[in-house]
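S.K.: This is the structure, below, for whatever I ask next.
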Amino acid sequence: MLNPRNVTASAPGKTILFGEHAVVYGKPAIAAAVDKRAYVSIEEREDNRTHVRINELGISGYLNIEKGTIELDNDEKNEGILKYVLIALMKTGSKDGLEITINMDIPVGAGLGSSAAVTVATVKAASSFKDIELTSDGIAKLAHQVELMVQGSASPIDTILSTYGGIVYLSRDAEEIIKLDIDSEIPLVIGYTSERGNTGKLVESVRLKMEIAPQVMIPLFNSMEALTNGAREALTSGDHKMIGEFMNINHGLLDAIGVNTEELSKMVYIARKSGAFGSKLTGAGGGGSMIAYCPGKVDVVIESINKFEKAFKVKISADGVRLE
């Protein structure tokens, strides 16, 4: 039997518009929260166990918050997002005896910040369930700590966007995060592959290239910095042509550092052929997602990509984490 008390929080996913990978090396990036969300509901159980179910993934299991362990309900060994949930509960001082249900309309492993959205929503739901009031800044910092513990290294940009929403510019060396006021609509299409990239392995592959050939890699990252700063001006002024051109250049540079795939490039070039002003992979690469900037051509681009992969329209989400 479950206690009727229930708290549900949701947080948006994100897409990186410019600067992925370069941000790891102190360069700026621009990213946006999107209107695809993760929903985390928490209610009490009458026993002293904590159970989590992620409906869209068919993953469920028991968490031991006190001991920090996970016991899956089936024979699979992929704990995946459950690790983020467990550590978020530990960080918020939650006690065992909870039933947690997670629903997602963010594709997992597609570079759209699904883990950050779940983490931020869990922190918000768990703290609210305990009647602890955390500031948005406190939620973002706590959620970033969770991602660091699970991944080993992580940019704060995902958890910041899931917390605050909107479009942000992450300045050089992450010294400042600036929320951008963009008046014009940003019509985006996201396409994603069935193949999923491993963020940790891709980041490591780029690091090794930097170690072996810094004389090649450093100029590439300097170019990414210049285009990100140019893209910030183009976004602010609503210069559709330059937004697209900077996306195209960014994709070429990401290809040069070795994180592109044939499947991603196919979608990127089909989008351009179908009328997108610009398109690029987004996130870590190696599979996952691409984005296309498509003023007046959203439906045509979606139709073209859907012939061989999956695509959908996204809007920028002004809302960050919230109670439902």
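S.K.: Between Glu245, Glu225, Glu303, which is within 21 Å of Leu161 (Cβ to Cβ), assigned to a helix (DSSP H, G or I) and either in the same structural domain as Thr122 (by TED's automatic domain parsing) or not hydroxyl-bearing (Ser, Thr, Tyr) (or both)?
M.R.: None of the other options fit; the residue is Glu225.
S.K.: Got a number for residues in the range 107-129 being more than 16 Å from Arg322 (Cα to Cα) and not hydroxyl-bearing (Ser, Thr, Tyr)?
M.R.: 7
S.K.: Could you pull out the residue among Asp105, Asp96, Asp131 that is surrounded by fewer than 23 Cβ atoms within 10 Å (Cβ to Cβ), closer than 20 Å to Tyr164 by Cβ and among the acidic types (Asp, Glu)?
M.R.: Within the list Asp105, Asp96, Asp131, the selection yields Asp105.
S.K.: In addition: Scan the range 275-285 and tell me whether some residue there is part of a helix (DSSP H, G or I) and surrounded by fewer than 21 Cβ atoms within 10 Å (Cβ to Cβ).
M.R.: Checked against the condition, which is being part of a helix (DSSP H, G or I) and surrounded by fewer than 21 Cβ atoms within 10 Å (Cβ to Cβ), the range 275-285 yields no hits at all.
S.K.: Give the residue that is surrounded by the fewest Cβ atoms within 10 Å (Cβ to Cβ), with candidates limited to residues of the range 135-189 that are of a type in the set (Asp, Glu) and under 29 Å from Lys310 (Cβ atoms).
M.R.: Of everything passing the filter in the range 135-189, Glu185 is surrounded by the fewest Cβ atoms within 10 Å (Cβ to Cβ).
S.K.: Here is a follow-up. Which residue out of Val40, Val23 is surrounded by 15 or more Cβ atoms within 10 Å (Cβ to Cβ), outside any strand (DSSP E or B) and of a type in the set (Val, Ile, Thr)?
M.R.: Val23
S.K.: Sticking with this one: Is at least one residue of the range 74-85 more than 19 Å from the chain's Cα centre (by Cα), more than 30 Å from Ala311 (Cα to Cα) and either surrounded by 17 or more Cβ atoms within 10 Å (Cβ to Cβ) or at pLDDT below 90 (or both)?
M.R.: So far as the range 74-85 goes, yes, one or more of its residues are more than 19 Å from the chain's Cα centre (by Cα), more than 30 Å from Ala311 (Cα to Cα) and either surrounded by 17 or more Cβ atoms within 10 Å (Cβ to Cβ) or at pLDDT below 90 (or both).
S.K.: Going by the structure shown, is Ile218 β-branched (Val, Ile, Thr), more than 30 Å from Val300 (Cα to Cα) and at pLDDT below 95?
M.R.: So Ile218 fails the test.
The values are calculated or read from the model by the stated rules, or taken from the named source; none is laboratory data. The shown structure was predicted, so the numbers you read here are calculated from the model rather than taken from an experiment. Don't worry about glycine lacking a Cβ; one is built from the backbone with ideal geometry, like all the others, and counts go over all protein chains shown.
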